[in-house]
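The values are calculated or read from the model by the stated rules, or taken from the named source; none is laboratory data. Because the structure is a prediction, the values reported are computed rather than measured. Cβ sites come from the backbone with ideal geometry, for glycine too, and all protein chains shown count toward neighbours.
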């Protein structure tokens, strides 16, 4: 079969430019950005890592990855006046990315943005406008569409049902801190829409879970611009953890109010089971006073968590907020540890369908304690443990399949670009805001 002219003219994938706030593993998005860079390089694809910080990560260079740091600092380390200005529009980030494109761009270069809200700011989207048809933006959360990034009202501890950037959204005091902070976040989010209108551009938004997509669409991103690429998961344990022989409840992650550790602690107290927390955070001091029975394990390595979970009956995700992926839940399930979570955690709904998790329908202690009580039956937990170990891997990617899906996505963008050259369309409108 002969190929079409567009296929014969396909531009090869020449380089991927990974763009992220930091060049160190400071959070989930950064971990994935760094992992993608290494996996792509291992696959023989040239990679440049553009970071908002100084780019000080010798491991990247030793892996053959070109590293370029802009040299800005995280917002929380800046004086208030600079935080306000640079958080909304980082001029240096705009200039450096614009210069990189001018000096190094080729028709076969893909640009992939991960985290941008803590250093880089919306300014980068203005710089990336000339290459929007070769731009992929990973939606690790809802920051692209929601001013506080969570679709949550922190003051009411509820999931937000408002349309982002609507008048009702502006009037809602949903921020963790002050309403003034909400107004600033609203303005920054609005500015992003003016610098690059996702509804009109040809960039691709890579969601990490299909249940995220309606929330992204509510924020103005067309369905046809969204592609779902499930996150990669590395199980804590390679052999099934016999959860049915264990007693303890585990929670893994940041100890902040919105993560609901207090709800889990009260529920564990009611069913007389030990709650063990792997992680730390600002909410710990208050919890120490209210729940002295909690066992605090602190931050642990992946291997240390695997050892601790040998004593886990199940892992709980009691977040008050929507949880788009829930990496630790996936890592636990694939190790044979069932999960209990509120229905706002996307993984909870999938785990229930597969028979390896329980959903607490209401975000309160009574509902969670009732879910905990269902885990008292050893036969039920054993069945759930086997199902978790055997079938939950289908809910995620392996690192290799994750890399391959992104490579296929990049090549599809180049193919679409080639077809657009053969079939020119109307000029793209970006609104009135221009590069500063």
Worksheet, complete the sentence: Scanning the stretch 30-55 for residues that are out of contact with any strand residue (DSSP E or B) (no Cβ under 7 Å at 6 or more places or on another chain) and over 16 Å from residue 407 (Cβ atoms) gives 31, 34, 52
Worksheet item: Among helices (runs of 4 or more DSSP H) lying entirely in the stretch 242-333, which contain 3 or more residues that are over 27 Å from residue 208 (Cα atoms) and without any contact (Cβ under 8 Å) to a residue 60 or more places away in the chain?
Response: 261-270, 284-290
Worksheet entry | Residue identified as on the phi > 0 side of the Ramachandran plot and crowded, with 17+ Cβ neighbours inside 10 Å among 64, 55 | 55
Practice prompt. Can you tell me which residue among 249, 208, 221, 226 is at negative phi and in the same structural domain as residue 322 (by TED's automatic domain parsing)?
Written response: 249
Fill in: Count - residues of the stretch 334-350 that are in contact with a strand residue (DSSP E or B) (Cβ under 6 Å, 6 or more places away or on another chain) and either assigned to a helix (DSSP H, G or I) or free of Cβ contacts under 8 Å to residues at least 12 places away in the same chain (or both)
1
Worksheet item: Within the stretch 188-195, is even one residue closer than 23 Å to residue 256 by Cα, modelled with pLDDT under 95, touching a helix residue (DSSP H, G or I) at 6+ places or on another chain (Cβ under 6 Å) and in the same structural domain as residue 218 (by TED's automatic domain parsing)?
Response: no
Item to complete: List the number of the failed condition for residue 99; all other conditions in (1) part of a helix (DSSP H, G or I); (2) in contact (Cβ under 8 Å) with a residue 12 or more places away in the chain hold.
Response: (2)
Item to complete: Scan 351, 345, 282, 264 and give me the residue that is more than 24 Å from residue 378 (Cα to Cα), surrounded by 24 or more Cβ atoms within 10 Å (Cβ to Cβ) and out of contact with any helix residue (DSSP H, G or I) (no Cβ under 6 Å at 6 or more places or on another chain).
Response: 345
Discussion item. Considering only residues that are more than 27 Å from residue 326 (Cα to Cα) and buried (at least 21 other Cβ atoms within 10 Å of the Cβ), which ones fall in the stretch 25-52?
Written reply: 47
Worksheet, complete the sentence: Looking across the stretch 358-376 at residues that are more than 11 Å from residue 340 (Cα to Cα) and at pLDDT below 95, the single one that is surrounded by the most Cβ atoms within 10 Å (Cβ to Cβ) is 363
Practice prompt. Could you identify the single residue in 64, 71, 55, 44 that is under 19 Å from residue 408 (Cα atoms), in the same structural domain as residue 113 (by TED's automatic domain parsing) and part of a loop (DSSP other than H, G, I, E, B)?
Written response: 44
